[in-house]
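I have placed the structure first, in the form of structure tokens, so that the comments after it can refer back to it.
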Amino acid sequence: MDAESLLLSLELASGSGQGLSPDRRASLLTSLTLVKRDYRFDRVLFWGRILGLVADYYIAQGLSEDQLAPRKTLYSLNCMEWSLLPPATEEMATQTSVVKGRFMGDPSHEYEHTEVQKVNEGEKVFEEEVVVQIKEETRLVSVIDQIDKAVAIVPRGALFKTPFGSINVNRTFEGLSLSEAKKLSSYFHFKEPVELKNKTLLEKADMDPSLDFMDSLEHDIPKGSWSIQMERGNALVVLRSLLWPGLTFYHAPRTKNYGYIYVGTGEKNTDLPFML
């Protein structure tokens with residue numbers, strides 16, 4: 001959700017029980033304005049909160065003018081002091097995939113994982129147990145990246161692609177109509193397209209290249225991983241992810257108000273295919 005309209009956005013997303021105390025709201029309003037100025041971001045998004053056993057991580061993301069350029073991610077434990085996280089890598093994802101359970105809430109906390117490695121000594125091969133230390137900060141980076149790639153979404157038309165290839169905010173976007181807002185095909189993944197490149201020319205014939213340049217939600221796997229509901233007498237559409245419980249997207253049809261927030265434990269629902 002955009003930090004500039006934080007209070008309105010939190011109000012719209014509050015139907016899922018995802019709110020903040022008044023002092024946290026005031027701290028965020030002030031500190032995110034300073035983050036935008038100090039880091040020279042074009043836009044700052046309040047990404048959400050990952051719940052820890054000792055403390056919670058408050059997450060914000062900074063965007064450049066090109067909206068699909070790599071985003072800078074920051075975290076805070078008190079909503080006032082923000083620390084920049086390193087970019088996510090494949091190595092981080094592999095390393096942290098073995099860590100299960102809740103976050104502690106301490107970035108310096110280290111998880112211990114025992115790996116069995118094969119050691120060659122001449123012609124003999126021995127199996128040796130090695131204890132690997134994984135920092136919670138590394139896990140935090142990896143989980144945020146996974147959630148971004150899987151469930152960060154924007155409505156169709158909110159962004160547009162210029163003839164030069166950069167992705168900008170569409171200043172003329174006036175919201176989806178009520179009928180469009182009820183369809184999953186009206187929402188896109190907020191990331192570089194993957195499935196779009198595999199579509200045939202016939203499938204691309206009805207697409208507008210300046211608007212339909214990201215992957216749609218309607219073909220997400222597993223099918224049924226999104227819950228779409230109309231609230232407040234059809235004045236608000238809410239999408240909730242069943243794959244990453246805690247992710248809520250909201251949009252008020254025929255207005256510019258939209259955004260998403262994640263408030264959860266940072267754990268993926270791997271049982272979803274068996275629940276549908």
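Any read-out appearing in this document is the output of simple, stated calculations on the displayed coordinates, not a laboratory observation. Given the structure is predicted, the values throughout are model-derived calculations rather than measurements. So basically every Cβ, Gly included, is an ideal-geometry build from the backbone, and we count neighbours across all protein chains shown.
If you average the sequence gap of Cα pairs under 8 Å that are 6 or more apart and divide by the length of segment 173-276, what percent do you get for the contact order?
About 27 percent, as a whole number.
Compute the distance from the alpha-carbon center of segment 74-104 to that of segment 21-62, in whole Å.
After rounding, the separation between the Cα centres reads 15 Å.
Pull out a ≥ b ≥ c, the square roots of the eigenvalues of the alpha-carbon gyration tensor of segment 1-121, then state rounded if a/c is under 1.5, prolate if not and a/b is larger than b/c, and oblate in the remaining case.
Judged from the Cα gyration tensor, segment 1-121 comes out prolate (a/c at least 1.5, a/b above b/c).
Run the numbers for LYS118 and VAL131: contour at 0.36 nm per residue of separation, minus the present Cα-Cα distance, in nm.
3.3 nm
Give me the percent relative contact order of the chain, please, defined on Cα pairs under 8 angstrom at least 6 residues apart.
Taking the mean separation of contacting Cα pairs over the length of the chain, I get 17 percent.
By per-residue mean of other Cβ atoms within 10 Å, what is the highest-first order of 173-185, 54-66?
Per-residue Cβ counts within 10 Å, averaged per peptide and sorted highest first, yield 54-66, 173-185.
Classify segment 170-276 as rounded, prolate or oblate, taking a ≥ b ≥ c as the square roots of the eigenvalues of its Cα gyration tensor: rounded when a/c is under 1.5, otherwise prolate if a/b is larger than b/c and oblate if not.
Here segment 170-276 falls in the oblate category.
Taking square-rooted eigenvalues a ≥ b ≥ c of the alpha carbon gyration tensor, is segment 168-230 rounded, prolate or oblate, where a/c under 1.5 means rounded and, failing that, a/b exceeding b/c means prolate?
oblate
Listed highest first by mean packing, meaning other Cβ atoms within 10 Å per residue, what order do 126-139, 153-166 come in?
153-166, 126-139
Considering the options GLN146, LEU236, GLY165, tell which one lies farthest towards the positive end of the dipole of segment 116-271, charges being +1 on Lys and Arg and -1 on Asp and Glu at the Cβ, about the Cα centre.
LEU236
On a 0 to 90 degree scale, rounded to 10, what angle separates helix 136-151 from the longest Cα axis of the chain?
40
Sort the following peptides by mean Cβ neighbour count (other Cβ atoms within 10 Å, averaged over residues), highest first: 99-107, 249-257, 208-216.
249-257, 208-216, 99-107
Could you pull out which residues in segment 70-94 have an amide N less than 19 Å from a spot 7 Å beyond the Cα of TYR39, following the Cα-Cβ vector?
Answer for segment 70-94: 70-89.
Mind checking the angle between helix 22-39 and the chain's longest principal axis? C-alpha axes, 0 to 90 degrees, to the nearest 10.
The two axes meet at around 90 degrees.
Please report how many Lys pairs in segment 171-276 have alpha carbons closer than 28 angstrom, counting only residues at least 8 apart along the chain or sitting on separate chains.
Count of close lysine pairs: 25.
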